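Down below is the structure, laid out as structure tokens.
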Amino acid sequence: MFVVVSYDITDDKRRLEVMNRLKSMGFVRVQRSMYIARGGGALAKDVARAVVRLMGREDSVVIFIIDNQTLNNAIRLGTAQLNMPNEPLVI
């Protein structure tokens, strides 16, 4: 399972805060305003709780939970890539 976060945040400071928060939670940037990470419902809820605190009234955030097959079936155009490791990194 994967969690995909897409956002439309106009304020540079708030957008940077959301980007940094997603990165700290293990997300990888796949588009200018889209991040992806391995996870499911629990991670999606954690993201929602974290991001809602950083959002302004005019901002928009959408969080998707998708399975591996859906990700593999994604149609990619241009330079779009979804380079996710097959297994989580264990340190």
| task | Give the residues of the stretch 1-22 that are among the hydroxyl-bearing types (Ser, Thr, Tyr) and either more than 9 Å from the chain's Cα centre (by Cα) or in a helix (DSSP H, G or I) (or both), sorted by residue number. | result | Thr10
| Residues that are buried (at least 17 other Cβ atoms within 10 Å of the Cβ), part of a strand (DSSP E or B), without any contact (Cβ under 8 Å) to a residue 40 or more places away in the chain and not hydrophobic (A, V, I, L, M, F, W, C), drawn from the stretch 23-44 | Tyr35
| Does Val47 qualify as being within 9 Å of the chain's Cα centre (by Cα) and outside any loop (DSSP other than H, G, I, E, B)? | yes
| request: Search the stretch 50-68 for residues being part of a strand (DSSP E or B) and loosely packed, with under 13 Cβ neighbours inside 10 Å, and hand back the single one that is farthest from the chain's Cα centre (by Cα). | output: Ser60
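Any read-out appearing in this document is the output of simple, stated calculations on the displayed coordinates, not a laboratory observation. What you see is a predicted model, and the numbers here were worked out from it, not measured in a lab. With ideal geometry, Cβ positions are generated from the backbone for all residues, glycine too; neighbour counts draw on all protein chains shown.
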